[in-house]
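For reference, the structure discussed in these notes is given below.
The values are calculated or read from the model by the stated rules, or taken from the named source; none is laboratory data. The model shown is predicted, which means the values in this text are computed figures rather than measured ones. A quick note on method: Cβ atoms are made from the backbone with ideal geometry, for glycine too, and the neighbour counts reach across all protein chains shown.
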(Lines give C-alpha, C1' and ligand atoms only; values in the text may rest on other atoms or scores of the structure.)
Protein backbone atom coordinates (compact mmCIF):
# COMPACT_ATOMS: atom_id res chain seq x y z
CA UNK A 1 0.00 0.00 0.00
CA UNK A 2 1.44 3.37 -1.03
CA UNK A 3 1.21 6.05 1.67
CA UNK A 4 2.90 9.39 1.10
CA UNK A 5 2.81 10.41 4.76
CA UNK A 6 4.40 7.15 5.93
CA UNK A 7 7.14 7.33 3.31
CA UNK A 8 7.87 10.93 4.33
CA UNK A 9 8.11 9.91 8.00
CA UNK A 10 5.21 12.13 9.03
CA UNK A 11 2.79 9.37 10.14
CA UNK A 12 3.79 6.21 11.98
CA UNK A 13 0.31 4.89 12.82
CA UNK A 14 0.82 1.96 10.41
CA UNK A 15 4.17 0.97 11.89
CA UNK A 16 4.30 -2.29 9.90
CA UNK A 17 3.59 -0.74 6.51
CA UNK A 18 7.12 -1.38 5.23
CA UNK A 19 6.54 -5.13 5.71
CA UNK A 20 4.68 -6.94 2.86
CA UNK A 21 1.20 -7.83 4.05
CA UNK A 22 1.58 -11.64 3.81
CA UNK A 23 4.63 -11.33 6.06
CA UNK A 24 2.70 -9.16 8.52
CA UNK A 25 0.00 -11.80 8.77
CA UNK A 26 2.49 -14.65 9.12
CA UNK A 27 4.28 -12.77 11.92
CA UNK A 28 1.04 -12.19 13.83
CA UNK A 29 0.11 -15.85 13.43
CA UNK A 30 3.52 -16.92 14.76
CA UNK A 31 3.24 -14.57 17.74
CA UNK A 32 -0.19 -15.98 18.51
CA UNK A 33 1.17 -19.52 18.21
CA UNK A 34 3.84 -18.64 20.77
CA UNK A 35 1.27 -17.23 23.18
CA UNK A 36 -0.94 -20.30 22.75
CA UNK A 37 1.93 -22.83 23.10
CA UNK A 38 1.06 -23.66 26.76
CA UNK A 39 -2.35 -24.88 25.60
CA UNK A 40 -1.23 -27.92 23.62
CA UNK A 41 -4.76 -29.26 23.04
CA UNK A 42 -5.86 -26.15 21.11
CA UNK A 43 -6.28 -26.11 17.34
CA UNK A 44 -4.74 -22.96 15.84
CA UNK A 45 -6.79 -22.18 12.73
CA UNK A 46 -5.54 -20.17 9.73
CA UNK A 47 -5.63 -16.39 10.16
CA UNK A 48 -8.42 -14.42 8.48
CA UNK A 49 -6.88 -11.68 6.34
CA UNK A 50 -8.14 -8.17 5.67
CA UNK A 51 -7.94 -6.13 2.52
CA UNK A 52 -4.86 -3.92 2.66
CA UNK A 53 -6.47 -0.52 2.05
CA UNK A 54 -9.87 1.13 2.24
CA UNK A 55 -10.93 -1.05 5.18
CA UNK A 56 -11.36 1.53 7.96
CA UNK A 57 -15.00 2.59 8.17
CA UNK A 58 -14.31 4.94 11.09
CA UNK A 59 -12.04 7.98 11.15
CA UNK A 60 -10.72 9.93 14.15
CA UNK A 61 -9.26 13.18 12.84
CA UNK A 62 -7.49 15.68 15.09
CA UNK A 63 -8.39 19.20 13.93
CA UNK A 64 -5.45 21.60 13.81
CA UNK A 65 -4.25 24.52 11.67
CA UNK A 66 -6.61 27.51 11.63
CA UNK A 67 -10.26 28.15 10.90
CA UNK A 68 -9.16 29.58 7.54
CA UNK A 69 -6.92 26.59 6.73
CA UNK A 70 -7.97 23.61 8.86
CA UNK A 71 -5.95 20.40 8.91
CA UNK A 72 -7.59 17.03 9.57
CA UNK A 73 -5.31 14.24 10.70
CA UNK A 74 -2.81 13.88 13.53
CA UNK A 75 -0.23 15.88 15.44
CA UNK A 76 3.29 14.46 15.09
CA UNK A 77 5.53 16.10 17.72
CA UNK A 78 3.25 19.13 17.59
CA UNK A 79 3.32 19.31 13.78
CA UNK A 80 -0.02 19.03 11.97
CA UNK A 81 -0.16 16.16 9.45
CA UNK A 82 -3.10 16.08 7.03
CA UNK A 83 -4.49 12.55 6.60
CA UNK A 84 -7.43 13.43 4.36
CA UNK A 85 -5.99 11.19 1.65
CA UNK A 86 -5.10 8.30 3.97
CA UNK A 87 -5.43 5.08 1.93
CA UNK A 88 -6.87 3.19 4.91
CA UNK A 89 -10.22 4.96 4.42
CA UNK A 90 -12.92 4.17 1.84
CA UNK A 91 -12.97 6.29 -1.31
CA UNK A 92 -15.96 8.30 -0.04
CA UNK A 93 -13.98 9.72 2.89
CA UNK A 94 -11.65 12.02 0.90
CA UNK A 95 -14.47 14.19 -0.56
CA UNK A 96 -16.17 14.11 2.86
CA UNK A 97 -13.04 15.53 4.51
CA UNK A 98 -12.90 18.25 1.84
CA UNK A 99 -16.51 19.20 2.62
CA UNK A 100 -15.75 19.26 6.33
CA UNK A 101 -12.84 21.64 5.82
CA UNK A 102 -15.22 23.93 3.94
CA UNK A 103 -17.73 23.63 6.78
CA UNK A 104 -15.09 24.58 9.36
CA UNK A 105 -14.30 27.68 7.31
CA UNK A 106 -17.98 28.65 6.88
CA UNK A 107 -18.80 28.14 10.56
CA UNK A 108 -15.53 29.78 11.69
CA UNK A 109 -14.69 26.87 13.99
CA UNK A 110 -11.35 27.55 15.67
CA UNK A 111 -9.22 24.40 15.97
CA UNK A 112 -8.09 23.60 19.49
CA UNK A 113 -4.43 24.45 20.11
CA UNK A 114 -2.94 21.91 22.50
CA UNK A 115 0.04 23.96 23.69
CA UNK A 116 -1.92 27.19 24.21
CA UNK A 117 -5.03 25.37 25.52
CA UNK A 118 -7.13 27.62 23.30
CA UNK A 119 -9.70 27.06 20.57
CA UNK A 120 -12.85 24.97 20.35
CA UNK A 121 -12.86 22.14 17.78
CA UNK A 122 -10.75 19.21 18.93
CA UNK A 123 -11.73 16.24 16.79
CA UNK A 124 -13.94 15.12 13.96
CA UNK A 125 -15.20 11.54 14.18
CA UNK A 126 -16.71 9.93 11.10
CA UNK A 127 -18.35 6.52 10.67
CA UNK A 128 -19.79 5.01 7.50
CA UNK A 129 -22.31 2.19 7.16
CA UNK A 130 -21.06 -0.29 4.60
CA UNK A 131 -24.62 -1.50 4.10
CA UNK A 132 -26.05 1.86 3.01
CA UNK A 133 -23.12 4.25 2.53
CA UNK A 134 -24.73 6.67 5.01
CA UNK A 135 -22.53 8.35 7.59
CA UNK A 136 -22.47 9.56 11.17
CA UNK A 137 -20.51 12.72 11.99
CA UNK A 138 -19.42 13.93 15.43
CA UNK A 139 -17.73 17.21 16.37
CA UNK A 140 -15.74 17.01 19.61
CA UNK A 141 -15.69 20.50 21.16
CA UNK A 142 -14.07 22.04 24.20
CA UNK A 143 -17.25 23.94 25.09
CA UNK A 144 -20.60 25.08 23.71
CA UNK A 145 -19.15 28.35 22.46
CA UNK A 146 -19.43 27.45 18.76
CA UNK A 147 -22.44 25.11 19.02
CA UNK A 148 -24.80 27.77 17.61
CA UNK A 149 -22.55 28.28 14.59
CA UNK A 150 -22.50 24.54 13.85
CA UNK A 151 -26.30 24.43 14.10
CA UNK A 152 -26.64 27.47 11.83
CA UNK A 153 -24.47 26.08 9.04
CA UNK A 154 -25.44 22.41 9.33
CA UNK A 155 -28.24 22.67 6.71
CA UNK A 156 -25.60 23.73 4.16
CA UNK A 157 -23.51 20.66 4.99
CA UNK A 158 -26.55 18.37 4.76
CA UNK A 159 -27.44 19.80 1.36
CA UNK A 160 -23.90 19.20 0.07
CA UNK A 161 -23.67 15.77 1.65
CA UNK A 162 -26.87 13.68 1.20
CA UNK A 163 -25.27 10.64 2.85
CA UNK A 164 -25.01 12.48 6.20
CA UNK A 165 -27.59 10.75 8.39
CA UNK A 166 -26.56 11.47 11.99
CA UNK A 167 -24.69 14.49 13.34
CA UNK A 168 -23.86 15.34 16.94
CA UNK A 169 -21.57 17.40 19.14
CA UNK A 170 -19.59 15.85 21.97
CA UNK A 171 -18.27 18.07 24.75
CA UNK A 172 -14.80 17.25 26.03
CA UNK A 173 -13.54 20.20 28.13
CA UNK A 174 -10.57 18.44 29.73
CA UNK A 175 -7.03 19.19 28.51
CA UNK A 176 -6.03 15.54 28.30
CA UNK A 177 -5.63 12.81 25.70
CA UNK A 178 -9.26 11.78 26.19
CA UNK A 179 -11.21 11.08 23.03
CA UNK A 180 -14.63 12.24 24.15
CA UNK A 181 -16.67 13.48 27.09
CA UNK A 182 -19.94 12.18 28.59
CA UNK A 183 -22.24 14.85 27.10
CA UNK A 184 -23.52 14.27 23.55
CA UNK A 185 -25.77 16.79 21.81
CA UNK A 186 -27.73 15.41 18.85
CA UNK A 187 -28.16 17.85 15.96
CA UNK A 188 -30.22 15.74 13.52
CA UNK A 189 -33.62 14.10 13.68
CA UNK A 190 -31.95 10.74 13.09
CA UNK A 191 -29.94 9.42 16.02
CA UNK A 192 -28.99 5.93 14.81
CA UNK A 193 -26.77 4.76 11.96
CA UNK A 194 -27.97 1.41 10.63
CA UNK A 195 -25.33 -1.13 9.71
CA UNK A 196 -25.95 -4.69 8.53
CA UNK A 197 -23.54 -7.61 8.81
CA UNK A 198 -24.41 -11.07 7.50
CA UNK A 199 -28.08 -10.11 7.39
CA UNK A 200 -28.06 -8.89 11.01
CA UNK A 201 -29.14 -5.23 11.49
CA UNK A 202 -27.03 -3.29 14.00
CA UNK A 203 -27.94 0.22 15.13
CA UNK A 204 -25.11 2.53 16.16
CA UNK A 205 -25.51 5.61 18.35
CA UNK A 206 -22.85 8.36 18.36
CA UNK A 207 -21.17 6.84 21.43
CA UNK A 208 -21.53 3.18 20.43
CA UNK A 209 -18.43 1.04 20.18
CA UNK A 210 -18.12 -0.72 16.85
CA UNK A 211 -15.25 -2.33 14.98
CA UNK A 212 -13.32 -0.16 12.52
CA UNK A 213 -12.93 -3.00 9.99
CA UNK A 214 -16.47 -3.96 9.04
CA UNK A 215 -15.59 -6.74 6.62
CA UNK A 216 -13.37 -8.59 9.11
CA UNK A 217 -15.96 -8.01 11.86
CA UNK A 218 -18.51 -9.75 9.65
CA UNK A 219 -16.15 -12.73 9.30
CA UNK A 220 -15.59 -12.78 13.08
CA UNK A 221 -19.32 -12.88 13.87
CA UNK A 222 -20.00 -15.49 11.17
CA UNK A 223 -17.27 -17.73 12.60
CA UNK A 224 -18.68 -17.43 16.12
CA UNK A 225 -22.11 -18.36 14.75
CA UNK A 226 -20.64 -21.39 12.99
CA UNK A 227 -18.78 -22.59 16.08
CA UNK A 228 -21.91 -22.24 18.22
CA UNK A 229 -23.93 -24.50 15.93
CA UNK A 230 -22.08 -27.55 17.25
CA UNK A 231 -22.47 -26.58 20.93
CA UNK A 232 -25.33 -28.28 22.83
CA UNK A 233 -27.64 -26.34 25.10
CA UNK A 234 -30.13 -23.47 25.07
CA UNK A 235 -28.99 -20.78 27.50
CA UNK A 236 -26.61 -18.18 26.05
CA UNK A 237 -25.06 -15.13 27.71
CA UNK A 238 -23.29 -12.40 25.79
CA UNK A 239 -21.27 -10.24 28.22
CA UNK A 240 -19.91 -6.87 27.03
CA UNK A 241 -22.44 -7.32 24.22
CA UNK A 242 -22.37 -3.73 22.88
CA UNK A 243 -25.07 -3.36 20.21
CA UNK A 244 -25.47 -7.14 20.03
CA UNK A 245 -23.13 -8.29 17.26
CA UNK A 246 -22.18 -11.68 18.72
CA UNK A 247 -25.41 -12.51 20.53
CA UNK A 248 -27.72 -11.68 17.65
CA UNK A 249 -25.68 -13.74 15.20
CA UNK A 250 -25.78 -16.76 17.51
CA UNK A 251 -29.43 -16.37 18.50
CA UNK A 252 -31.02 -15.80 15.11
CA UNK A 253 -31.50 -19.53 14.43
CA UNK A 254 -33.95 -19.59 17.37
CA UNK A 255 -32.30 -22.31 19.46
CA UNK A 256 -30.59 -20.09 22.00
CA UNK A 257 -32.28 -18.16 24.80
CA UNK A 258 -30.06 -15.06 24.82
CA UNK A 259 -29.22 -12.73 27.68
CA UNK A 260 -27.06 -9.80 26.58
CA UNK A 261 -25.33 -7.58 29.15
CA UNK A 262 -23.77 -4.18 28.46
CA UNK A 263 -23.36 -1.21 30.79
CA UNK A 264 -24.40 1.40 28.20
CA UNK A 265 -28.23 1.82 28.07
CA UNK A 266 -28.23 3.20 24.51
CA UNK A 267 -26.31 0.19 23.22
CA UNK A 268 -28.87 -2.06 24.93
CA UNK A 269 -31.71 -0.12 23.29
CA UNK A 270 -30.02 -0.63 19.90
CA UNK A 271 -29.57 -4.37 20.49
CA UNK A 272 -33.19 -4.71 21.58
CA UNK A 273 -34.35 -2.94 18.42
CA UNK A 274 -32.30 -5.30 16.25
CA UNK A 275 -33.73 -8.35 18.04
CA UNK A 276 -37.26 -7.04 17.47
CA UNK A 277 -36.54 -6.43 13.79
CA UNK A 278 -35.28 -10.01 13.47
CA UNK A 279 -38.40 -11.33 15.22
CA UNK A 280 -36.41 -12.92 18.05
CA UNK A 281 -38.58 -13.54 21.11
CA UNK A 282 -36.17 -15.51 23.32
CA UNK A 283 -33.86 -12.53 23.81
CA UNK A 284 -33.26 -10.18 26.73
CA UNK A 285 -30.75 -7.32 26.70
CA UNK A 286 -30.02 -5.55 30.00
CA UNK A 287 -27.99 -2.44 30.86
CA UNK A 288 -25.86 -3.83 33.69
CA UNK A 289 -22.21 -4.17 34.65
CA UNK A 290 -21.01 -7.44 33.12
CA UNK A 291 -18.70 -8.39 36.00
CA UNK A 292 -21.34 -7.69 38.64
CA UNK A 293 -23.95 -9.65 36.68
CA UNK A 294 -21.68 -12.69 36.39
CA UNK A 295 -20.73 -12.57 40.06
CA UNK A 296 -24.34 -12.29 41.25
CA UNK A 297 -25.77 -15.03 39.02
CA UNK A 298 -26.45 -18.50 40.38
CA UNK A 299 -27.52 -20.37 37.23
CA UNK A 300 -24.86 -20.77 34.56
CA UNK A 301 -25.52 -20.48 30.85
CA UNK A 302 -24.67 -23.38 28.57
CA UNK A 303 -22.57 -21.00 26.46
CA UNK A 304 -20.94 -17.82 27.72
CA UNK A 305 -19.66 -15.31 25.13
CA UNK A 306 -17.32 -12.56 26.34
CA UNK A 307 -15.82 -9.68 24.36
CA UNK A 308 -14.05 -7.50 26.94
CA UNK A 309 -11.99 -4.33 26.40
CA UNK A 310 -8.22 -4.52 25.83
CA UNK A 311 -7.57 -5.06 29.53
CA UNK A 312 -9.24 -8.47 29.25
CA UNK A 313 -11.41 -10.22 31.80
CA UNK A 314 -8.95 -9.96 34.67
CA UNK A 315 -8.54 -12.22 37.68
CA UNK A 316 -11.85 -11.36 39.39
CA UNK A 317 -14.06 -12.00 36.36
CA UNK A 318 -12.12 -15.15 35.45
CA UNK A 319 -12.81 -16.38 38.96
CA UNK A 320 -16.49 -15.55 38.57
CA UNK A 321 -16.57 -17.58 35.36
CA UNK A 322 -14.94 -20.57 37.07
CA UNK A 323 -17.35 -20.28 40.01
CA UNK A 324 -20.32 -20.11 37.64
CA UNK A 325 -19.02 -23.02 35.51
CA UNK A 326 -20.70 -22.54 32.11
CA UNK A 327 -20.19 -25.62 29.96
CA UNK A 328 -18.73 -23.64 27.05
CA UNK A 329 -16.92 -20.33 26.78
CA UNK A 330 -16.33 -18.25 23.65
CA UNK A 331 -13.81 -15.45 24.26
CA UNK A 332 -13.13 -12.72 21.68
CA UNK A 333 -10.17 -10.48 22.43
CA UNK A 334 -8.51 -7.46 20.83
CA UNK A 335 -5.38 -8.01 22.95
CA UNK A 336 -3.68 -11.42 22.54
CA UNK A 337 -1.44 -10.76 25.56
CA UNK A 338 -4.27 -10.25 28.07
CA UNK A 339 -6.13 -13.11 26.40
CA UNK A 340 -3.20 -15.47 27.04
CA UNK A 341 -3.06 -14.29 30.65
CA UNK A 342 -6.79 -14.94 31.16
CA UNK A 343 -6.60 -18.34 29.45
CA UNK A 344 -3.85 -19.33 31.89
CA UNK A 345 -6.17 -18.49 34.78
CA UNK A 346 -9.05 -20.40 33.21
CA UNK A 347 -6.91 -23.38 32.26
CA UNK A 348 -7.53 -25.27 35.50
CA UNK A 349 -11.23 -25.67 34.68
CA UNK A 350 -11.38 -25.14 30.92
CA UNK A 351 -9.77 -26.79 27.91
CA UNK A 352 -8.92 -24.49 25.00
CA UNK A 353 -10.23 -26.09 21.79
CA UNK A 354 -9.95 -23.50 18.99
CA UNK A 355 -8.03 -20.29 18.35
CA UNK A 356 -8.33 -18.06 15.28
CA UNK A 357 -6.80 -14.68 14.45
CA UNK A 358 -8.84 -12.05 12.60
CA UNK A 359 -6.66 -9.28 11.19
CA UNK A 360 -8.84 -6.34 12.13
CA UNK A 361 -5.86 -3.96 12.16
CA UNK A 362 -3.54 -4.45 9.14
CA UNK A 363 -0.15 -2.69 9.13
CA UNK A 364 -0.08 -2.64 12.95
CA UNK A 365 0.89 -5.20 15.59
CA UNK A 366 -2.71 -5.48 16.85
CA UNK A 367 -5.08 -8.37 16.17
CA UNK A 368 -8.48 -9.75 17.15
CA UNK A 369 -8.55 -13.35 18.36
CA UNK A 370 -11.53 -15.67 18.82
CA UNK A 371 -11.25 -18.70 21.10
CA UNK A 372 -13.52 -21.57 22.12
CA UNK A 373 -13.18 -23.33 25.48
CA UNK A 374 -14.96 -26.34 27.01
CA UNK A 375 -15.32 -27.22 30.69
CA UNK A 376 -12.86 -30.02 31.49
CA UNK A 377 -15.40 -32.08 33.45
CA UNK A 378 -17.64 -32.58 30.39
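Summary of values
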{"read-out": "Where residue 20 falls short, out of the listed (1) outside the structural domain of residue 151 (by TED's automatic domain parsing); (2) touching a residue at least 12 places away in the same chain (Cβ under 8 Å)", "value": "(2)"}
{"read-out": "Sole exception among (1) assigned to a helix (DSSP H, G or I); (2) touching a residue at least 24 places away in the same chain (Cβ under 8 Å); (3) over 16 Å from the mean Cα position of the chain (by Cα) for residue 159, by number", "value": "(2)"}
{"read-out": "Selection count, region 206-224, where residues are at pLDDT 95 or above and in contact with a helix residue (DSSP H, G or I) (Cβ under 8 Å, 6 or more places away or on another chain)", "value": "4"}
{"read-out": "Among (1) under 22 Å from residue 99 (Cα atoms); (2) surrounded by fewer than 19 Cβ atoms within 10 Å (Cβ to Cβ) - the single one residue 198 does not satisfy", "value": "(1)"}
{"read-out": "All positions within region 66-89 that are surrounded by fewer than 18 Cβ atoms within 10 Å (Cβ to Cβ) and within 18 Å of residue 125 (Cβ to Cβ)", "value": "75"}
{"read-out": "Residue satisfying all of: in region 320-378; part of a strand (DSSP E or B) and without any contact (Cβ under 8 Å) to a residue 40 or more places away in the chain; farthest from residue 299 (Cα to Cα) among these", "value": "333"}
{"read-out": "Matching residues, region 162-182, being out of contact with any strand residue (DSSP E or B) (no Cβ under 7 Å at 6 or more places or on another chain) and modelled with pLDDT of 95 or more", "value": "162"}
{"read-out": "Total residues in region 90-130, condition part of a loop (DSSP other than H, G, I, E, B), under 23 Å from the mean Cα position of the chain (by Cα) and crowded, with 19+ Cβ neighbours inside 10 Å", "value": "1"}
{"read-out": "Single unsatisfied condition, residue 32 versus (1) in the same structural domain as residue 365 (by TED's automatic domain parsing); (2) farther than 26 Å from residue 209 by Cβ; (3) surrounded by 19 or more Cβ atoms within 10 Å (Cβ to Cβ)", "value": "(2)"}
